[in-house]
Structure formats: C-alpha cells, structure tokens
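What follows is a short report on a single structure.
The values are calculated or read from the model by the stated rules, or taken from the named source; none is laboratory data. Model, not experiment: these values are computed from the prediction. Using ideal geometry, Cβ is built from the backbone for each residue, glycine included, and neighbour counts are taken over all protein chains shown. Quick note on the areas: whole protein, heavy atoms, side chains included, nothing else; ligands and nucleic acids left out. Shrake-Rupley method; radii C 1.70, N 1.55, O 1.52, S 1.80 Å.
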Amino acid sequence: MISFSLFLTTAFAQNKTVPEVTLKTLKGESKNIQDFAKDGKITVISFWATWCAPCKKELDAIAEVYGEWQEDYDMELVAVSIDTRRALATVPGMVSSKGWKYTVLTGKATELQNAFNFQTIPQTFLLDQKGNIVYHHNGYVPGDEYELEDKIKALAGK
C-alpha cells in the first residue's frame, strides 16, 4: 500500500524540471545544477548536511551499492551539502573519510529549499535521462535505497 504522503510526493515530483541554481564544488568552482540534469544520465540529487545523521546514513548506504548502480543503470548521484559557511570547512574531510565517490556540491540552504520546495533533509530527488524530476522523498530509514534502486531500474528499462 502506498502511503498518502508518498503518493503526494511522487505526484508533486512528476514532470517537474530542475530549477536553475548555482552551487559550488569543494574546490570553489561554480556549477549550475541544471548541467547535471542535462547530461542524459539518470541522476539522483541528495540534499544533506554534516550534522544530519539520517543524511549520512543514507549516503553511506548508497555508497555500498553506488558502483553497481553506475555500471548497471548509467546513473550518477550529486550530493548537495546545505551546511552553514562555518560547517562547510568540514565537508571535504568527511567526504574523504567516508570514501564517497559522489559529486559533492555546496549551496545555501534557504535558496535550495525555496528552489526545490523542501523543508527537511535528507531530501532526495530522482531525475530521468531528460532531467525531469520523476520521484522525490524525504527522510531516511534503512532500506529506502532499495526503493530508490527500483525507481532507477525502471527508468533504465531493466
């Protein structure tokens, strides 16, 4: 049974495009998030912060299967930190120590929350090969990564 909130979240996400937002790489270079939506790959955008335990658990869980997902589904994950300027200094060290192979970007929380219409993190958006947001969920409980994989698999036609 699909929960009503999941239905609304999925319905809200259907056929929405990624808003134009400029983010920074960990090296300080500017990147438009739309560039990732236009590369012809299935893309997962995950909003997280260093202080958010469920965010780190979700990204750790996906890290265990990420290589297989890339190979099997030609997809990528973009992890976007919404940490404060002060906490941003700890992001590169955390990413390195965890061994995350994702593209990691940083941005201003309020700007991203307004552009993507979310309040809480972790917040995960799934984009099809044309850059449309086709699925979206918030929070994390163990096993959510398998539901996400099912959605990715369907997009990949497998």
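Once you have the Cα-Cα distance between SER96 and ASN132, take 0.36 nm times their residue separation minus that, and quote the gain in nm to one decimal. List each step's numbers first, then the result.
On the way: separation 36, 0.36 × 36 = 12.96 nm, distance 3.02 nm.
Result for the pair: 9.9 nm of gain on full extension.
How high is the FRET efficiency between VAL141 and ALA115 when r is their beta carbon distance and R₀ equals 22 Å, given to the nearest 0.05? Can you show the working numbers first?
On the way: r = 26 Å, r/R0 = 1.18.
Given R0 = 22 Å and the Cβ-Cβ separation, E is 0.25.
In the neighborhood of ALA89, defined by Cβ-to-Cβ distances under 15 Å, what is the net charge if each Lys or Arg adds +1 and each Asp or Glu adds -1? If you can, show how the numbers build up before the last one.
Details: positive: LYS24, LYS27, ARG85, ARG86; negative: ASP83.
Combined, the nearby Lys, Arg, Asp and Glu give +3.
For labels at LYS108 and GLN70 in the simple 7 Å Cα→Cβ model, what's the distance in nm?
So the two model labels end up 3.2 nm from each other.
Per residue, how much accessible area does segment 105-157 show when a 1.4 Å probe rolls over the protein heavy atoms, in square angstrom?
On the way: 2460 Å² over 53 residues.
With the other protein chains kept in place, segment 105-157 gives 46 Å² per residue.
With a Cα-only, solvent-free Debye model of the chain, what are the log10 I(q)/I(0) values at q = 0.13 Å⁻¹?
With one equal scatterer per Cα and no solvent, log10 I(q)/I(0) is -0.55.
Note down the net charge around GLY107, summing +1 for each Lys or Arg and -1 for each Asp or Glu among other residues with Cβ under 11 Å from its Cβ. Intermediate values should be presented prior to the final figure.
Details: positive: LYS24, LYS31, LYS108; negative: ASP83, GLU111.
Around GLY107, the surrounding residues sum to +1.
With just the Cα atoms defining each centre, how far is segment 77-125 from segment 21-53? Give it in Å.
Here the two parts' Cα centres lie 8 Å apart.
Could you sort 135-144, 76-85, 20-29, 41-50 so that the peptide with the highest average Cβ count within 10 Å comes first and the rest follow in order?
41-50, 76-85, 135-144, 20-29
Given the rule -39500 (n - 2.57) for each run of at least 4 DSSP H residues, summed and divided by the residues of the chain, what is its mean residue ellipticity at 222 nm, to the nearest 500 deg cm²/dmol?
After summing the helix terms and dividing by the residues of the chain, the value is -12500 deg cm²/dmol.
Would you mind telling me the antiparallel percentage of the DSSP bridges in segment 66-139, rounded to 5?
55
Are any of the pairs LYS57/LYS101; LYS41/LYS101; LYS27/LYS153; LYS31/LYS108 more than 25 Å apart by Cα-Cα distance, and if so, which?
Cα-Cα > 25 Å for LYS27/LYS153; rest within.
For VAL65, what charge total do you get from the other residues with a beta carbon under 9 Å from its beta carbon, if Lys and Arg give +1 and Asp and Glu give -1?
On the way: positive: none; negative: GLU64, GLU68, GLU145, GLU149.
Taking every other residue near VAL65 into account, the sum is -4.
With Kirkwood's inverse mean 1/r over C-alpha pairs for Rh, give me the Rg to Rh ratio of segment 46-98, two decimals please.
Values: Rg = 12.0 Å, Rh = 11.9 Å.
Ratio of gyration radius to Kirkwood radius for segment 46-98: 1.01.
On average over all directions, what projected area in square nanometres does segment 104-148 have, based on the convex hull of its Cα atoms?
Numbers: hull surface 15.7 nm².
For the Cα atoms of segment 104-148, the hull's average projected area reads 3.9 nm².
Return the sequence-ordered ³J(HN,Hα) values of segment 120-137 in whole Hz as given by the Karplus equation 6.51 cos²θ - 1.76 cosθ + 1.60 applied to θ = phi - 60°, using x for Gly and Pro.
Per residue, the Karplus-derived 3J(HN,Hα) values read 10, 10, x, 9, 10, 10, 10, 10, 6, 5, 9, x, 7, 6, 10, 7, 7, 8 Hz.
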